[in-house]
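Novice: Sharing a structure below in structure tokens format, with a few things to ask.
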Amino acid sequence: MTTAPEAPGTDQVGSPRLRKEDARLITGQTNWTDNIQQTGMLHVAFLRSPHAHARITSVDTSAARQQPGVVAAFSGADFAGEQGSLPCAWPVTEDMALPEHPPMAVDEVRYVGEAVACVVARDSYAAADALEAIDIEYEPLPAVVDMEAALAEGSPLVHEGSGQGQGSNKAFVWPFTAGDVDSAFEGADVVLTRRYHQQRLIPAAMEPRSVVCRPDGDAFTLWSATQIPHILRLMLAMTTGIPEHKIRVIAPDVGGGFGSKLQVTAEEVLALLLARRLRKPVKWTETRTEGFQTTHHGRDQIQDVSIAADADGRIRGLKVDLLADMGAYMMLVTPGVPVLGAFMFPGIYKMDAYSFSCTGVFTTKMPTDAYRGAGRPEATYAIERIVTELADEIGMDPVELRRRNWITHEEFPHTGVAGLTYDSGNYEAATDRAMELFGYDDLRAEQRRRRESGDPVQLGIGVSTYTEMCGLAPSRVLGQLSYGAGGWENASVRMLPTGKVEVVTGSSAHGQGHVTAWSQIVADKLGVPFEDVEVLHGDTRVSPKGMDTYGSRSLVVGGTAVVEACDRVLEKARKLAAHMMEADEDDLEFTDGRFTVRGTQSPATSVQEVALAAFAAHDLPEGAEASLDADATFDPENFSFPHGTHLCAVEVDTETGEVRLRAYTAVDDVGTVVNPLIVDGQVHGGLAQGIAQALYEEAVHDADGNLVTSTLADYLVPTAADLPDFTTDRTVTPSTTNPLGAKGVGEAGTIASTPAVVGAIVDALRPFGVQDLRMPCTPQRVWRAIADAREAARSEGGQR
Amino acid sequence: MIPAQFDYVRPGDVAEAVRVLADSDEPKVMAGGQSLTPLLRFRLAYPDVVVDLSGLTELRGVTDDGEWLRIGAMTTHDEVMNNPMVAAHCALLSLATRTVADPAVRHRGTIGGSLAHADPAGDLPAVALALDAEFLVSGEDGERTVPASEFFLDYLTTALDVGDVLTAVRFPKMGGWGFHYEKFSQAAQAWAVVGVAAAVRRDDGTVTEARVGLTNMGSTPVRASEVEAACRGVPARLETLREAAQSADAGTDPPNDLSAQADYRRHLARVLTGRALAKAAGI
């Protein structure tokens, strides 16, 4: 097993500090966007399409304007000249269809919930009531709900004449090939082909979306429950034409995002335009059902996957053909999500050849976009499921098959078939530890006993040895992938006269605990008390430069920027300290926040004393400025690659189809750990979300394109009461691509757990002949799979 | 929550509540508010007045009424499940109430509100039906008692008229019986896909009597009468009770919805009834 190198002066980094954020959050001293009050503030409610697809034939808002408390009411046509088109920053191919996406529909609606009109009133009740007075008429058009039907000849079109090659719902085709795929498959002893469905998911962050916008002269302040204040400001300027320097975006306390707040939304654009039109502050907060319908969804792919292998289990090649449901429009990174997955299908395995093709498909549903993992969970699911099936096909233990194919720890850095260079990893160590903690052999023995005795409760074991690409992202690579921005991050470190420290970060925390983790890093680097560090973020005026928080990037990229800014502060401090101590710079040592002259007993000078001297500026060395402050922008050279081994045991009640999680062991390698408590929290939450996809959650639409699961009563988000005690542990193989050695942990649990759980259920049901199950594996689906398999076995027996 | 506009009245006694209800066009009674609030939030209910019974302290609490336990309609789930008299004389109600939603809901939600809401997916209606509970109602014409078998009329529909207030529910004391509530739900805090409320009385190795109520197997709670008949006099063994449970879905009309199709619910009713009977019989 590998361990972290001893970092100098480490006592904060690696320590399970309680989060600085929590006392305030837990006691309700919070500043959610919906808590923000402004003098004279008006409230906005949106009228939304009840049709998945329809032409708007008339809108009359005049009666709504007469309702009590109503100040204004507008249709899409009222903003047609200024609302622009919601941005897509990731046109994955040159010929990708990029239809106009007006924030409020003008002529046509293409999903249920699309905004068609709005009311602005003195309170939110009056606004909601007045929606009923808007007179709108539609001419319904055919809904396009199913991806394969959408691609069939003669399908109704979501966008007339704007699909790839026109007259089609095909938005783009993104191909990738490496190696000789044909010969890899032709010479194979075993070829398996499977179709996996990634059901559509609803991110369901705890805090609903909310936006407040206040006009300030010719400028605007916009508060939003967003993950991306910096990107949002830029995009609002580009969409509306309001100059960037006249827009200030603030992300106050934000209660979770999971990618759903990595977006530029219709409501944010319209809040800005309404504030400009009415010269008053406006607020809009979604209801839970509104959020389910109109906050972007995640996943929704059909994956046709083939794997070729030799009889001894060596993998030769992999073919992946994806259909990815874009929904009705291209939002911020809609088309990029499945394309990002292209690099992750080969997982941790060596192989000779790989081909990938992704077809983006328009349907009349809410657009999809980033959701925790964004392309990587989908890819990991497919490879981990089919590798397990391959093991079954050739009669090998699924862990053994993985051992035969994975990159061994001596082989790093390793450039895989998809072109990524994995800098570090130790799959053997993580797997050995996981199997030991899990009690793999004992559980296999129990499984055999239950099978032999025909126990109505069967046991299954699932394996997931995942990796993911994190630390998004090298700007150069993003450019090659046609992404519209870079992947750097910025930080500033300010030494105050009293020796306290302000850290300004471009990362935008929305639950991750950045304030605590950044304080730990800075405390160690500068040798100041943890309590003396204040972290500022989430406001384009306070932290003017940043690329925000998503893709497990904050610690890896933003944290590194903090480290580099600290290094620059120390560089300046060292010069001044040498001057103060009348010593040569090279003779100074810096330990625990104190400069001393090497080899002497002369008194030390603290970094705080140096900060005060810089502020006073009474006696500075030649050419020095009266400040120790420094900033840094870090652009990673490579992604980071967390990995781990997750093992899941389930008990399946074959009489009812109920699945009980018996044991779950996760051994993750996320590199250097700054705060183990925060990492555990990320893993636990990630597991819950990945398990949710396996067992509970699915956004279901009816044939007319209505979202049937539009409340938390129908869309089942599991709670702690549904989950087992997780056994978690870590191996530490530091990343070599950033000075912290960190790899990112925000998405690992979600990416790893889904195939482990489904693999375990299938494993439990193998004696019945079950090879796969559609997610979510609800009791009813499991029961039917057993019943169908028994029926098939009976009729097969009858034929013999 | 942004409901449509309504008036709000909090009466000081039952008579005032009855008067207000009778004088309103479309009133809604609010007990703990755990079912009514979602209806208001989704604008599925447009009451002109909400009559909040939380001021009627006389409707709260459990009293020993000789052969019966009388439970005030405004008694919260939490109070019911922690009440020693309920545990001693009517443990099935304690067991089922423990499965209702989550602690926050159980601290506000009430037994009367839950029964008057008459959601067939709710846990308590099947219990009241299985145990032959009686509903004490105050209305414009005075007080009356409605047996459980006549109380649940249809989906979210009971024998309560617009001007009626459910004041209490009484359950017969059932000494010597064994009980079990078998709830099958997709997530810990979700509604029952199917639930089975079972009460069994044994004479040594023989089942002398059984009562079975089913949750979410129709538009009202359902009494599994065929199972009850099949249990009478059979040996108290797992196989015989499972056999008796094979008719659990007879006469039911289970819904097709997102969580389950009707055929799966019928299957579940049979399996879960067998399990519930066995546990109630102490097997």
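The values are calculated or read from the model by the stated rules, or taken from the named source; none is laboratory data. Please read these numbers as outputs of a predicted model, since none were measured by experiment. Don't worry about glycine lacking a Cβ; one is built from the backbone with ideal geometry, like all the others, and counts go over all protein chains shown.
Novice: In the range A:761-797, how many residues are over 24 Å from A:Val700 (Cβ atoms), within 14 Å of chain B (Cβ to nearest Cβ) and under 33 Å from the mean Cα position of the chain (by Cα)?
Specialist: Here the count works out to 0.
Novice: Could you tell me which of the residues A:Gly623, A:Gly705, A:Gly657 is at positive phi and either free of Cβ contacts under 8 Å to residues at least 60 places away in the same chain or in contact with an Asp or Glu (Cβ under 8 Å, 6 or more places away or on another chain) (or both)? Lay out the reasoning, then the answer.
Specialist: On the way: A:Gly705 fails: either free of Cβ contacts under 8 Å to residues at least 60 places away in the same chain or in contact with an Asp or Glu (Cβ under 8 Å, 6 or more places away or on another chain) (or both); A:Gly657 fails: either free of Cβ contacts under 8 Å to residues at least 60 places away in the same chain or in contact with an Asp or Glu (Cβ under 8 Å, 6 or more places away or on another chain) (or both).
Step by step, each of A:Gly623, A:Gly705, A:Gly657 is checked, and only A:Gly623 is at positive phi and either free of Cβ contacts under 8 Å to residues at least 60 places away in the same chain or in contact with an Asp or Glu (Cβ under 8 Å, 6 or more places away or on another chain) (or both).
Novice: Next question. Take the residues in the range A:96-123 that are within 13 Å of chain B (Cβ to nearest Cβ) and buried (at least 20 other Cβ atoms within 10 Å of the Cβ), then tell me which one is nearest to A:Gly705 (Cα to Cα). Break it down into steps so the answer makes sense when it comes.
Specialist: Going through the range A:96-123, the residues within 13 Å of chain B (Cβ to nearest Cβ) turn out to be A:119, A:121, A:123.
Still in the running and buried (at least 20 other Cβ atoms within 10 Å of the Cβ): A:119, A:121.
Numbers: A:Val119: 26, A:Ala121: 31 Å.
Here the residue is A:Val119.
Novice: Just wondering, is there one or more residues in the range A:262-283 that are surrounded by 24 or more Cβ atoms within 10 Å (Cβ to Cβ), in contact (Cβ under 8 Å) with a residue 12 or more places away in the chain and farther than 24 Å from A:Val119 by Cβ?
Specialist: Yes, the conditions are met somewhere in the range A:262-283.
Novice: Let me ask something else. B:Ala15 fails exactly one of the following numbered conditions: (1) surrounded by 15 or more Cβ atoms within 10 Å (Cβ to Cβ); (2) part of a helix (DSSP H, G or I); (3) aliphatic (A, V, I, L, M). What is the number of that condition?
Specialist: So B:Ala15 meets the others, but not (1).
Novice: In addition: Could you grab me the full set of residues in the range A:478-502 that are in contact (Cβ under 8 Å) with a residue 60 or more places away in the chain and not in a loop (DSSP other than H, G, I, E, B)?
Specialist: First pass over the range A:478-502, keeping only residues in contact (Cβ under 8 Å) with a residue 60 or more places away in the chain: A:481-499.
Once the filter is applied, which keeps residues that are in contact (Cβ under 8 Å) with a residue 60 or more places away in the chain and not in a loop (DSSP other than H, G, I, E, B), the range A:478-502 yields A:Glu489, A:Asn490, A:Ala491, A:Ser492, A:Val493, A:Arg494, A:Met495.
Novice: Might you check whether a residue that is touching a Lys or Arg at 6+ places or on another chain (Cβ under 9 Å), of a type in the set (Val, Ile, Thr) and at negative phi occurs anywhere in the range A:761-784?
Specialist: Within the range A:761-784 (the criterion being touching a Lys or Arg at 6+ places or on another chain (Cβ under 9 Å), of a type in the set (Val, Ile, Thr) and at negative phi), the answer is yes, since at least one residue qualifies.
Novice: How about the range B:263-283: which of its residues are out of contact with any Leu (no Cβ under 6 Å at 6 or more places or on another chain), more than 12 Å from chain A (Cβ to nearest Cβ) and among the aliphatic types (A, V, I, L, M)?
Specialist: Hits for the range B:263-283 are B:Ala276, B:Ala280, B:Ala281.
Novice: Could I ask something else about it? Say whether the condition of being assigned to a helix (DSSP H, G or I), closer than 30 Å to B:Leu156 by Cα and away from every other protein chain (no Cβ under 13 Å) is met by at least one residue in the range B:247-262. Write out each step before concluding.
Specialist: Within the range B:247-262, the subset assigned to a helix (DSSP H, G or I) is B:247, B:262.
Keeping just the survivors that are closer than 30 Å to B:Leu156 by Cα gives B:247, B:262.
Within this subset, residues satisfying the condition of being away from every other protein chain (no Cβ under 13 Å) are B:247.
Checking the range B:247-262: at least one residue is assigned to a helix (DSSP H, G or I), closer than 30 Å to B:Leu156 by Cα and away from every other protein chain (no Cβ under 13 Å).
Yes/no matrix, rows are residues, columns are (1) assigned to a helix (DSSP H, G or I); (2) aromatic (Phe, Trp, Tyr); (3) farther than 30 Å from A:Leu555 by Cα; (4) not assigned by TED's automatic domain parsing to the domain that holds A:Thr656:
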site: A:Met396; (1), (2), (3), (4): no, no, yes, yes
site: A:Leu401; (1), (2), (3), (4): yes, no, yes, yes
site: A:Met435; (1), (2), (3), (4): yes, no, no, no
site: A:Asp442; (1), (2), (3), (4): yes, no, yes, no
site: A:Arg449; (1), (2), (3), (4): yes, no, yes, no
site: A:Glu452; (1), (2), (3), (4): yes, no, yes, no
site: A:Thr465; (1), (2), (3), (4): no, no, no, no
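Novice: Would you check if there is a residue in the range A:659-670 being assigned to a loop (DSSP other than H, G, I, E, B) and closer than 30 Å to A:Tyr111 by Cβ? Steps first, please.
Specialist: Step one: of the range A:659-670, the residues assigned to a loop (DSSP other than H, G, I, E, B) are A:670.
Remaining after also requiring closer than 30 Å to A:Tyr111 by Cβ: none.
The answer is no; no qualifying residue exists.
Novice: Out of all the residues in the range A:26-71, which are over 30 Å from A:Leu141 (Cβ atoms), among the hydrophobic types (A, V, I, L, M, F, W, C) and at pLDDT 95 or above?
Specialist: Passing the criteria: A:Trp32, A:Ile36, A:Met41, A:Leu42, A:Val70, A:Val71.
Novice: Go through the range A:13-47 and count every residue that is of a type in the set (D, E, K, R), out of contact with any helix residue (DSSP H, G or I) (no Cβ under 7 Å at 6 or more places or on another chain) and either in contact (Cβ under 8 Å) with a residue 12 or more places away in the chain or in a loop (DSSP other than H, G, I, E, B) (or both). Talk me through it step by step, then tell me what you get.
Specialist: First, the residues of the range A:13-47 that are of a type in the set (D, E, K, R): A:17, A:19-22, A:24, A:34.
Okay, now just the ones that are also out of contact with any helix residue (DSSP H, G or I) (no Cβ under 7 Å at 6 or more places or on another chain), so A:22, A:24, A:34.
Then keep just the ones that are either in contact (Cβ under 8 Å) with a residue 12 or more places away in the chain or in a loop (DSSP other than H, G, I, E, B) (or both); that gives A:34.
Number of matching residues: 1.
Quick grid of which residues meet (1) at negative phi; (2) among the hydrophobic types (A, V, I, L, M, F, W, C); (3) touching a Ser or Thr at 6+ places or on another chain (Cβ under 6 Å); (4) free of Cβ contacts under 8 Å to residues at least 60 places away in the same chain:
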{"position": "B:Gln186", "(1), (2), (3), (4)": "yes, no, yes, no"}
{"position": "B:Arg201", "(1), (2), (3), (4)": "yes, no, yes, yes"}
{"position": "B:Thr206", "(1), (2), (3), (4)": "yes, no, no, yes"}
{"position": "B:Ala210", "(1), (2), (3), (4)": "yes, yes, no, no"}
{"position": "B:Pro221", "(1), (2), (3), (4)": "yes, no, no, no"}
{"position": "B:Ala229", "(1), (2), (3), (4)": "yes, yes, no, yes"}
{"position": "B:Leu241", "(1), (2), (3), (4)": "yes, yes, no, yes"}
{"position": "B:Asn256", "(1), (2), (3), (4)": "yes, no, no, yes"}
{"position": "B:His267", "(1), (2), (3), (4)": "yes, no, no, yes"}
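Novice: A further question follows. Name the strands (runs of 3 or more DSSP E) wholly inside the range B:97-197 in which the number of residues that are touching a Lys or Arg at 6+ places or on another chain (Cβ under 8 Å), crowded, with 22+ Cβ neighbours inside 10 Å and at pLDDT below 95 is 3 or more.
Specialist: none
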